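Report on the following structure.
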Amino acid sequence: MKPAPFEFVRPASLAEALEVLAANPDAKVLAGGQSLIPLLSMRLAAPGMLVDINGIGELSYVRSDREGVRVGALARHAEVEGDARAREVQPLLGLALRQVAHPTIRNRGTTVGSVVHADGSAEIPVVLALLNGRVAVASSSGRRDIAAADLFLGPMESSLKHDEIAVEAFFPAIEHDAGVAFDEVARRNGDYALCGVAAHVRVSGGRIVSVRTGYLSVCDVPTVVDLTAAFPDGVVTPAALDDAGDLAVAALDPVSDIHASAVYRCRLVRTLTRRVVVAAHEHAMSRVGAEVS
Amino acid sequence: MIGEKVQRVEDERLLRGQGRYVDDLVPGALEVAVLRSPHAHARIVELDLDPVLDVEGVVAVYTYDDLSGPMAEPLPLLIPHPALTQGRTQYALAKDEVNYVGEAVAFVVAESRYVAEDALALIRVTYEVLPPVVGVDAARRADRLVHDDVPGNVAARMEQSVGDAAAAIEAAPHRLSLDLTVERSASMPMEGRGTVARWDPDTKRLHVWSSTQTSTGLRAAVAAKLGLDLVQVDVITPDVGGGFGVKIMHPWPEELLVPMAAMALGRPVKFTEDRREHFISSAHERGQVQHVDVGFDDEGRLLGLSVQFWHDNGAYTPYGLIVPIITSTQLLGPYKPRAYSVVFESLYTNTVIVTPYRGAGRPQGVYAMERTMDAIAAYLGKDRTEVRATNFIQPDEFPYDQGLTFQDGRPLIYDSGDYPASLEKLKALVGWDEFESFRQEARASGRRVGIGLACYVEGTGVGPYEGAHIHVETSGKVKVAIGLTSQGQGHQTAFAQVVADELGVPFEDVEVTTGDTRRMPYAVGTFASRAAVMSGSAVALAARQTRAKALRIAAEALEVSEEDLEIVDGQVQVKGAPATKVALGTIAVLSNPLRYAFDEASKLATQFTVGDTSKPPIADDEEPGLEGKDFYSPERSTFASGMHAVIVETDPDTCEIKVLKYAVVHDCGNLINPLIVEGQIHGGVAQGIGGALYERMAYDEHGQLQNASFMDFLMPYSTEMPATIDIDHLETPSPLNPLGLKGAGEAGVIPSAAVFASAIEDAEGFPIHAMPISPSELYDLRLQHGHEEPS
């Protein structure tokens, strides 16, 4: 478990990092390293060069305003999780981050790194997709934004080009009439989930107007399903929750692996969908109620 | 001090990271990487090493063709058995065939492990891939063979019986049959295997440090395989980060190849196994398929028990039949079967070898027996504890002869125990009689709970012998050497307690050295829950010898009779007149007629006159020095026992299985240190929870291990453990050894599969016949039994 030889550079500025990256098609960006280093050690990846961006202090930030939470490329999961303003602006981020692996991994792993690693079993890509967030990417030829809907192409495959670095992820703020929830089932505390679900529910005049859920570990890519149609009367009933489960299962493609069968994962989709929709609905109602009073 | 909860003196050093493990030793040694077979079954057609030889930093590459003499022979079959008619062992490096993914093919020595791994990637091997045999079912079908010359893949078939079980079952009022399976798991110590060796060309001595459970066994193997005299080889076992059985298997190929390369290259060479290698090249255990037929009366009393099982021994049988023999004998537990027959086949598969892992075949045997007990109770509608109590051997029936031959070739005779008392303690501890009301309460709030129990008897302290050497310094400090190794069990603490009591010295003055063949060349090893029983007894005997000699010399020096003396706090003193005394250190000086006054103790000694001047300074039957050395060799094993109960909650929606309460009643005879025993139980229970609910070796049909990392092989974290493990001790001393001890090392893990199957079955209301069990599998069972609609 020793990596194959590679060159190592640690640029002091983003501009320098982008230049090095453009000049070395065989290079990989190293941020928190929680996925990349094991891949290197097991020689499942053998890039010719590592561009360590940990020296670029300007990328280490969490900024929140009324629009949403902006997370710089070097912000660790633990920093985002511990940021009170970020939790207030978009509570879903904190709820999901708590489920990302273990504290030691969250202390080092970066939230933006998790997004661009594009693992269909990871929490943060699902949150970004459900919230219709985006990432800002930079290359030596300029900057662009990629909407979450255009980001995740396949298992561990994002639409970033080789010479691009994701410099920031943007998670939109929770709307005044919305509620969110997150839940997952894992074999052990901190493991990759067998199934995980994030929910976003909006209400108006005491009735549900929108129900959307995002799923991890039951599809190759983070998958968002609109369940609003299951709630035609705008209320949460056992029958509506069953229908929501049907809609969700129909939109997903769980597979069997050594930890769980596909049918069991379908069962988890239904159970967790029910739980998070109920929780997100309650959250929305409490927020709207608080607003009124 | 024996029996006291003495804090482990090892822990501060180990917890501060000051342990010294094999990989910490001999810095600058050359490092090794091993090319391992990527195929479960293949012929090696061609090996091309040319691309490697020019790699900068590569010092040597070895393949089978480079081996000579005994090294070119197959590795030893450690424990032959007449029933093992088709024993096979691998070569240190594969000769022309590989039989599991991970089998060693080539051995690269380089300036660093990095370079060595770079070199592995350049070795070109052409394989002719053969169809693999994976799992017990495929082995039994035998439409493919692991070894061409082993028909039916059967390494051994062994049968034992007492009475006519078939006839008894036939005649019994009630009969049941069960088909059961247990999957593979493995020891998984924190530290993997590791060996470093240095050849001293001036003294012609080989120094080997290995992360092993037996330094003496390894020493003999290295000497034999490398053509050295035993006295030319020292094997030293430093701190070892866990063993759990995988390191009693020896010699591993690397344990021979490393010293061989060190001698050939004239430079120290080190091998440090990484985790992936540990998964695919170190031993596994547990995998069995079982069939039970049982006949019983209206009370649930066993009338006849017939067990067949099929044991997956992996690709080779270097450790003989120990594991299935233990399963077949220890299956009986605390019960009287009245008539019993057991037959097993040990089967070859194209997977990693199977050798003892903590529990060593007992977890499987207990699982078969306890599943049977639960099935009888369910059939008769009786309480599960009642059926067990009906079948217990009673306290006045010891010694109890089960009429079988145990793993050590000796009769299976239980020495002592009190099973009814254990059961009463367990019921009280777990709240057995109050459980139904708890169940009703839980049910009312939509929760599903279940309770289970399992009983076991464990043969411990297996022979043939262990020894101890005690040396008292002129400073009064006491140096103890025992030959077996320590993997973190607390030998320093426990054996210092024994010496403190037996010799009468301060605990702090006792230093214990383990597993160094220079200090104690005759020893067996640390396995089979034997260290306390075997070495503890030897230490006690050696301490008594030392004490007797001290009293003899002191009596002469003080001119009193030996009977009037006692040793307190390192001083030999006259009973009732403690001012008349002489320090043990002074006696150490007096014991050695070569008495230059190097130190204060020697000066002090000159005031005493010892010895008759008309006789030689050393009497015929005496030796210089205040020392004692003795060996303990029991006529047979001593039998510890215990019972576990667990309360689980199974989630009606997600099928997650949670431990609400875990209770253990344990009887290992007299306790040297209850803190250490409870630590052993905690660790065992944790390992057992892993084996019951999380771990398995997920081989695919090609013989590839799909979960060869800690990401996918699920060892439980502290978060998966119950908040507490409730423990109660019963102490029925063993009559077989001087301190009345029984072993405790493996106990915690033995009943796990059985006790969880019992509790989950109780919670769910359908039988559990395969362990381990995951939430996904529990969901499948609910579907099968119509307790769920498919999603």
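The values are calculated or read from the model by the stated rules, or taken from the named source; none is laboratory data. Note that the structure is predicted; figures quoted are calculated from it, not measured. All Cβ positions, glycine included, derive from the backbone under ideal geometry; neighbour counts span all protein chains shown. With ligands, DNA and RNA removed, areas are computed over all heavy atoms of the protein, side chains included. Shrake-Rupley method; radii C 1.70, N 1.55, O 1.52, S 1.80 Å.
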Picked from the range B:112-141 (must be open to solvent by less than 30 Å² (accessible area, probe 1.4 Å), within 17 Å of B:Arg184 (Cβ to Cβ) and in a helix (DSSP H, G or I)), the residue farthest from the other protein chains (Cβ to nearest Cβ) is B:Ala139
For B:His787, the lone unmet condition from (1) open to solvent by 30 Å² or more (accessible area, probe 1.4 Å); (2) within 18 Å of B:Tyr357 (Cβ to Cβ); (3) touching a Gly at 6+ places or on another chain (Cβ under 9 Å) is (2)
Of those in the range A:233-263 that are more than 30 Å from A:Val209 (Cβ to Cβ) and among the small types (Gly, Ala, Ser), the residue least open to solvent (accessible area, probe 1.4 Å) is A:Ala260
Of the residues in the range A:186-204 that are within 14 Å of another protein chain (Cβ to nearest Cβ), open to solvent by 10 Å² or more (accessible area, probe 1.4 Å) and not basic (Lys, Arg), the one that is nearest to A:Arg76 (Cα to Cα) is A:Gly190
Can A:Arg207 be described as among the basic types (Lys, Arg) and either within 14 Å of another protein chain (Cβ to nearest Cβ) or under 20 Å from A:Ala173 (Cα atoms) (or both)?
no
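Conditions tested, residue by residue: (1) open to solvent by 10 Å² or more (accessible area, probe 1.4 Å); (2) in the same structural domain as B:Thr216 (by TED's automatic domain parsing); (3) within 17 Å of B:Arg544 (Cα to Cα).
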position: B:Glu434; (1), (2), (3): yes, no, no
position: B:Ala442; (1), (2), (3): no, no, no
position: B:Ser445; (1), (2), (3): yes, no, no
position: B:His471; (1), (2), (3): yes, no, yes
position: B:Val478; (1), (2), (3): no, no, yes
position: B:Ile482; (1), (2), (3): no, no, yes
position: B:Gln489; (1), (2), (3): yes, no, no
position: B:Ala496; (1), (2), (3): no, no, yes
Log entry, pairs with first residue in the range B:39-50 being over 21 Å from B:Asp66 (Cβ atoms) and in the same structural domain as B:Val101 (by TED's automatic domain parsing), second being open to solvent by 60 Å² or more (accessible area, probe 1.4 Å) and part of a strand (DSSP E or B), beta carbons closer than 9 Å, six or more apart or on different chains, reads B:His39/B:Val129; B:Ala40/B:Val129; B:His41/B:Val129
Sole miss for B:Pro738 among (1) within 14 Å of another protein chain (Cβ to nearest Cβ); (2) open to solvent by 40 Å² or more (accessible area, probe 1.4 Å) is condition (1)
Selection from the range B:703-734 of residues within 14 Å of another protein chain (Cβ to nearest Cβ) and over 30 Å from B:Val98 (Cα atoms) yields B:Pro716, B:Tyr717, B:Ser718, B:Thr719, B:Glu720, B:Met721, B:Pro722, B:Ala723
Restricted to the range B:204-216 and to residues being open to solvent by 10 Å² or more (accessible area, probe 1.4 Å) and more than 13 Å from B:Gly266 (Cα to Cα), the residue nearest to the chain's Cα centre (by Cα) is B:Thr216
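Yes/no per residue for (1) farther than 30 Å from B:Asn153 by Cα; (2) modelled with pLDDT of 95 or more; (3) open to solvent by 60 Å² or more (accessible area, probe 1.4 Å):
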site: B:Leu25; (1), (2), (3): yes, yes, no
site: B:Gly28; (1), (2), (3): yes, yes, yes
site: B:Glu31; (1), (2), (3): yes, yes, no
site: B:Leu35; (1), (2), (3): no, yes, no
site: B:Val59; (1), (2), (3): yes, yes, no
site: B:Tyr64; (1), (2), (3): no, yes, no
site: B:Glu73; (1), (2), (3): no, yes, yes
site: B:Ala94; (1), (2), (3): no, yes, no
site: B:Ala110; (1), (2), (3): yes, yes, no
Suppose the filter is of a type outside the set (Val, Ile, Thr), closer than 20 Å to B:Ala261 by Cβ and out of contact with any Ser or Thr (no Cβ under 9 Å at 6 or more places or on another chain); does B:Asp23 pass it? no
Checked the range A:111-156 for anything touching a strand residue (DSSP E or B) at 6+ places or on another chain (Cβ under 8 Å), on the phi > 0 side of the Ramachandran plot and open to solvent by 20 Å² or more (accessible area, probe 1.4 Å); matches are A:Asn132
So the strands (runs of 3 or more DSSP E) completely within the range B:142-206 holding 1 or more residues that are closer than 30 Å to B:Ala220 by Cα are B:154-162, B:194-200
Exactly one of B:Pro76, B:Pro82 is free of Cβ contacts under 8 Å to residues at least 40 places away in the same chain and either touching an Asp or Glu at 6+ places or on another chain (Cβ under 6 Å) or in a loop (DSSP other than H, G, I, E, B) (or both), and that one is B:Pro82
Selection over the range B:673-692 where residues are within 11 Å of another protein chain (Cβ to nearest Cβ) and open to solvent by 10 Å² or more (accessible area, probe 1.4 Å) yields a count of 0
Being under 30 Å from B:Ala375 (Cα atoms) and either loosely packed, with under 15 Cβ neighbours inside 10 Å or touching a Lys or Arg at 6+ places or on another chain (Cβ under 9 Å) (or both) narrows B:Val182, B:Val146 down to just B:Val182
How many residues of the range B:634-656 are away from chain A (no Cβ under 14 Å) and assigned to a strand (DSSP E or B)? The answer is 12
Within the range A:157-185, residues within 30 Å of A:Pro47 (Cβ to Cβ) and surrounded by fewer than 17 Cβ atoms within 10 Å (Cβ to Cβ) come out as A:Glu157, A:Ser159, A:Lys161, A:His162
Restricting the range B:375-427 to residues that are on the phi > 0 side of the Ramachandran plot and part of a loop (DSSP other than H, G, I, E, B), the one surrounded by the fewest Cβ atoms within 10 Å (Cβ to Cβ) turns out to be B:Gly381
TODO: Could you please let me know if A:Asp163 is more than 25 Å from A:Leu252 (Cα to Cα), assigned to a loop (DSSP other than H, G, I, E, B) and away from chain B (no Cβ under 14 Å)?
DONE: yes
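Looking only at strands (runs of 3 or more DSSP E) that lie completely in the range A:1-110, which have at least 1 residues being open to solvent by 50 Å² or more (accessible area, probe 1.4 Å), within 14 Å of another protein chain (Cβ to nearest Cβ) and at pLDDT 95 or above?
Hits in the range A:1-110: A:7-9.
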| message | Taking the conditions exactly as written (away from chain A (no Cβ under 14 Å), in a loop (DSSP other than H, G, I, E, B) and at pLDDT 95 or above), does B:Phe756 satisfy them or not? | response | no
Note on B:Val430: of the conditions (1) farther than 28 Å from B:Ala528 by Cα; (2) surrounded by fewer than 22 Cβ atoms within 10 Å (Cβ to Cβ); (3) within 31 Å of the chain's Cα centre (by Cα), unmet is (2)
Going through the range A:211-262 in order, the residues found to be within 14 Å of chain B (Cβ to nearest Cβ), in contact with a Leu (Cβ under 9 Å, 6 or more places away or on another chain) and farther than 26 Å from A:Arg187 by Cβ are A:Asp243, A:Leu247
Over the range B:331-352, the set of residues surrounded by 24 or more Cβ atoms within 10 Å (Cβ to Cβ) and of a type in the set (Val, Ile, Thr) is B:Val342, B:Thr349, B:Thr351, B:Val352
